[in-house]
């Protein structure tokens, strides 16, 4: 078929470790799959519907709805495709983050792909009171860099700008600090406060 050996090994490893393909487009999610390789392979893909199984044999209630900011690891394991180790990963990242502000942030959890995400998206939501905020008028560099969105130089810039202007009176003032662009500001906005 003309595929690279490394790509073939990746596909076989994924399948051997329990990975499933539900439709031919799922092969595009394989790490290293190039568009031209997928196009060459696509006419030969045959996925039998009767061999497709849901991520696990667990029966999941159709009305299951979990707040990902308050769910513990046992709660999360009720979701399709979420086992014990993955549930721990979600909780650990939630703690580092200070809570999720949107369900799309689950993509930032190591190993989350669109298949797994779409399998659980209708069963999760983000509660209103789950976010821990950082007071940008008091936090030092060490406290700021604990947040996954704030690296050292950004934290330094936030503190330096605060020293120049006095305390922040509006979170929008962060945009005037070096290294903060609009998209980054929108990401960190739910996690900051003035008091």
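Quick look at the numbers
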item: Candidate set: the range 175-195, residues that are in contact with a helix residue (DSSP H, G or I) (Cβ under 6 Å, 6 or more places away or on another chain) and assigned to a helix (DSSP H, G or I); chosen: the one surrounded by the most Cβ atoms within 10 Å (Cβ to Cβ); result: 185
item: Qualifying positions in the range 138-153 - touching a residue at least 12 places away in the same chain (Cβ under 8 Å), assigned to a loop (DSSP other than H, G, I, E, B) and within 21 Å of residue 183 (Cα to Cα); result: 146, 147, 148, 149, 150
item: Sole residue being under 30 Å from residue 93 (Cβ atoms), modelled with pLDDT of 80 or more, under 23 Å from the mean Cα position of the chain (by Cα) and assigned to a helix (DSSP H, G or I), chosen from 64, 74; result: 74
item: Condition check for residue 111: modelled with pLDDT under 95 and within 29 Å of residue 83 (Cα to Cα); result: yes
item: Selection count where residues are out of contact with any helix residue (DSSP H, G or I) (no Cβ under 7 Å at 6 or more places or on another chain) and either part of a loop (DSSP other than H, G, I, E, B) or within 23 Å of residue 109 (Cα to Cα) (or both), scope the range 154-174; result: 5
item: Conditions (1) in contact (Cβ under 8 Å) with a residue 40 or more places away in the chain; (2) surrounded by 14 or more Cβ atoms within 10 Å (Cβ to Cβ): number failed by residue 135; result: (2)
item: Any hit, the range 84-97, residues being in contact (Cβ under 8 Å) with a residue 12 or more places away in the chain and in a loop (DSSP other than H, G, I, E, B); result: no
item: Answer from 104, 164 - the residue that is free of Cβ contacts under 8 Å to residues at least 40 places away in the same chain and over 13 Å from the mean Cα position of the chain (by Cα); result: 164
item: Given (1) surrounded by fewer than 16 Cβ atoms within 10 Å (Cβ to Cβ); (2) out of contact with any helix residue (DSSP H, G or I) (no Cβ under 6 Å at 6 or more places or on another chain); (3) assigned to a helix (DSSP H, G or I), index of the condition residue 128 fails; result: (3)
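The values are calculated or read from the model by the stated rules, or taken from the named source; none is laboratory data. What you see is a predicted model, and the numbers here were worked out from it, not measured in a lab. Methodologically, a virtual Cβ is constructed for each residue, glycine included, from the backbone with ideal geometry; neighbour enumeration extends over all protein chains shown.
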